[in-house]
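In what follows, a single structure is set out as structure tokens and then discussed.
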Amino acid sequence: MTTGEGERIPVQSGNHLVAGLTSIPGKILAVHLSYASRATQRGRHPAAPSYFFKPASSLAESGAEIERPAGTELLAYEGEVALVIGSTARNVALADAWSHIAWVTAANDWGLYDLRAADKGSNVRNKGRDGYTPLGPRLIDARGVDPAALRIRTWHNGALVQDDSTAAMIFPLAQFVADLSQHLTLEPGDIILTGTPAGSSVARPGDVVEVEVDAPTAAGAPTSGRLVTRVVDGAGSFDPALGALPAVDDRQREEAWGSRAAAGLPDEPAAPALAPELRAKLMEAPVAGLSQALRKRGLDNVAIDGVRPIRPGIKLVGTAKTLRFLPNREDLFRSHGGGYNAQKRAFDAVSPGEVLVIEARGERGSGTLGDILALRAKARDAAGIVTDGGVRDLAAVADIGIPVFSQGGHPAVLGRKHLPWDTDIAVACGGATVLPGDVIVGDDDGVIVIPAALAGEVADAALAQEAEDAWVAEQVAAGHPVDGLFPMNAEWRARYEEVRGHAGK
């Protein structure tokens, strides 16, 4: 790598000379999600930055080759702005943080999604491989640029695929320095990779990916030049006796390629939606009346027992999307509890109008969701959440406004009692069997499950019964005894039918 003035400043990493410092960087820190375009693409908008480490042995120069191991398919590039720390930073204020940056340059934060699930978000294996952090080829003096006016561009086989600005970041660049310095000392030569915008995708052997960072509005329009990486075939020597093997699914393919369409996957089937007229009827019909109508049709075991709204007076209507928790077992929690587990996948995939129904076996000794996941469900326009377990951050969840029915609050995290296991399957919630697509209705009396094929018929019957009960209540309020009136005998039935007939004219 060279400075903007052309001076080469070699740094040894492994057996290679790379990247713009006078010694091997002590730390390479990378931001998970930082650009609004990428957050919108992923459907996740973080409230605060989060980070992971990359080893110095992953550094490489412009022009280097990167290996895609045999037997893998999802090697993805991410063009990024790299910051090089110039002076020690510990507990620095946001206003002073940029003064601790010496240089800015281009980086490509390569990742092998085939190994992504193995490390539960730490990215050790999928992003820490040798050569997976190329930098350069030139450094831009941080003192001469506006950190909010840097441009990041990426070309894949000559086609421009990423073109964004640091002005469009969720967090300003200086915030990463100030935030990290609260927790650890940033030392001269440390590198911060600041996240990638939308447009990241998959490269194959033979492809060439180029990344450039520049400051087009600064004096002289300084640029890093194009950071060039060529993808080549690598060996596939993963020993199953030593650790996790590569594995992919359609969710990983979608995120690596950037979309289902780009990955060649069919569109996800739309969740069965309630017709607006039927939804309106179910919003009006009380759960007690719907329960009575179901009982008359031979369905007694449709109540989700033990759950109550965390905000009284709220109504819940939607179709079921299901999530199942098993009793926690430590060895299984290590493989299924962290990372992008079934719980997170369910909240990320819930569709507008769906109710996320969680089987927690009636175990209220742990939370099954908290405020972050409730926010995610609300952002996805979910109709609500029903869990026969507990809820963390109960007051905060109530304030979010999405209908939530639960067994009450509990401060413990998921792993105390529960193991997230599977989604979109039949579950048992509060003693009731719930299938994906069942109609879920809740109010202050509780929650019931209605088979989708019966929903219209049951709604009409419940509303008719509600009108009849209202008329009976009027007669009782007028002083009539309930004997013969509730339920109505033939005489009272005739009177009611007469009144209803007149009302319909």
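The values are calculated or read from the model by the stated rules, or taken from the named source; none is laboratory data. Bear in mind the structure is a predicted one, so any value in this text is a computation, not a measurement. All Cβ positions, even for glycine, are placed from backbone atoms using ideal geometry, and neighbour counts span all protein chains on display. Surface accessibility is based on the protein's heavy atoms, side chains included, excluding ligands, DNA and RNA. Shrake-Rupley method; radii C 1.70, N 1.55, O 1.52, S 1.80 Å.
So for the stretch 66-203, what percent of the C-alpha to C-alpha distances run longer than 21 Å? If you can, show how the numbers build up before the last one.
On the way: 4362 of 9453 pairs.
Tail fraction, whole percent: 46.
At a probe radius of 1.4 Å, what is the per-residue accessible area of SER237, in Å² to the nearest 10?
Around 100 Å² of this residue is reachable by solvent.
Distance in nm between label sites at GLU497 and ALA219, each 7 Å beyond Cα in the beta-carbon direction?
Roughly 9.6 nm, to one decimal.
What number results when the radius of gyration of the stretch 123-263, computed over Cα atoms, is divided by 2.2 N^0.38 Å?
Details: Rg = 17.5 Å, N = 141, 2.2 N^0.38 = 14.4 Å.
Relative to the 2.2 N^0.38 Å estimate, the stretch 123-263 comes out at 1.21.
Rounded, prolate or oblate: pick one for the stretch 177-255, where a ≥ b ≥ c are the square roots of the eigenvalues of its C-alpha gyration tensor, a/c under 1.5 means rounded, and failing that, prolate if a/b is larger than b/c, else oblate.
Numbers: a/c = 2.19, a/b = 1.41, b/c = 1.55.
Oblate.
Which of the peptides 273-286, 118-131 is most tightly packed, and how do the rest follow, going by the mean number of other Cβ atoms within 10 Å of each residue? Display every interim value, and only then the final one.
Details: 273-286: 16.1, 118-131: 19.1.
Top of the packing list down: 118-131, 273-286.
More than 20 Å apart: what percent of Cα pairs in the stretch 250-312 qualify? Don't skip to the end; give the middle numbers.
Numbers: 1165 of 1953 pairs.
Here the long-distance tail beyond 20 Å is 60 percent of all Cα pairs in the stretch 250-312.
At R0 = 60 Å, how high is the FRET efficiency between ASP381 and VAL124 if r is their beta carbon distance? Nearest 0.05 is fine.
Numbers: r = 36 Å, r/R0 = 0.59.
Calculated transfer efficiency: 0.95.
Just give me a number: lysine pairs in the chain, eight or more positions apart or cross-chain, with C-alpha atoms less than 28 Å apart.
Here the count comes out as 26.
Stretched out fully, how many nm does the piece from LEU160 to ASP249 gain, at 0.36 nm a residue minus the Cα gap? It would help to have the intermediate numbers written out before the result.
On the way: separation 89, 0.36 × 89 = 32.04 nm, distance 2.75 nm.
Stretched out fully, the LEU160 to ASP249 stretch lengthens by 29.3 nm.
So what's the back-of-envelope 222 nm ellipticity for the chain, counting only DSSP H runs of four-plus at -39500 (n - 2.57) apiece and dividing by all residues, rounded to 500? Write down the numbers at each step before the final one.
Details: 13 runs with 119 residues, N = 505.
Only helices count here, giving -6500 deg cm²/dmol.
Averaged per residue, what accessible surface does the chain expose to a 1.4 Å probe, in Å²?
Details: 22050 Å² over 505 residues.
That works out to 44 Å² for each residue.
Treating only the Cβ of Lys, Arg, Asp and Glu as charged (+1, +1, -1, -1), what charge dipole size does the chain show about its Cα centre? Round to the nearest 20 debye.
Numbers: 49 positive and 63 negative charges, 116 e Å.
The dipole magnitude comes to about 560 debye.
Can you compute the FRET efficiency between GLU468 and ASP399 using 1/(1 + (r/R0)^6), with r the Cβ-Cβ distance and R0 = 56 Å? Round to the nearest 0.05. It would help to have the intermediate numbers written out before the result.
Working: r = 39 Å, r/R0 = 0.69.
For R0 = 56 Å, the calculated efficiency reads 0.90.
Compute the Rg/Rh shape ratio of the stretch 216-363: radius of gyration over Kirkwood radius, all on alpha-carbon atoms. Please report the intermediate quantities before stating the final value.
On the way: Rg = 24.5 Å, Rh = 21.4 Å.
Rg/Rh: 1.15.
Place +1 on the Cβ of every Lys and Arg and -1 on the Cβ of every Asp and Glu in the chain, take the dipole about the Cα centre, and give the residue among GLY318, VAL177, PRO197 whose Cα lies farthest towards its positive end.
The residue sitting most towards the positive pole is VAL177.
Calculate the radius of gyration of the Cα atoms of the chain to one decimal place, then report Dmax, the largest Cα-Cα distance, as a whole number, both in Å.
When restricted to the Cα atoms of the chain, Rg and Dmax are 29.2, 103 Å.
Rounded to a whole number, what % of the accessible area of the chain do carbon and sulfur atoms account for, probe 1.4 Å?
Working: 11450 of 22050 Å².
Percent of accessible area from carbon and sulfur atoms in the chain: 52.
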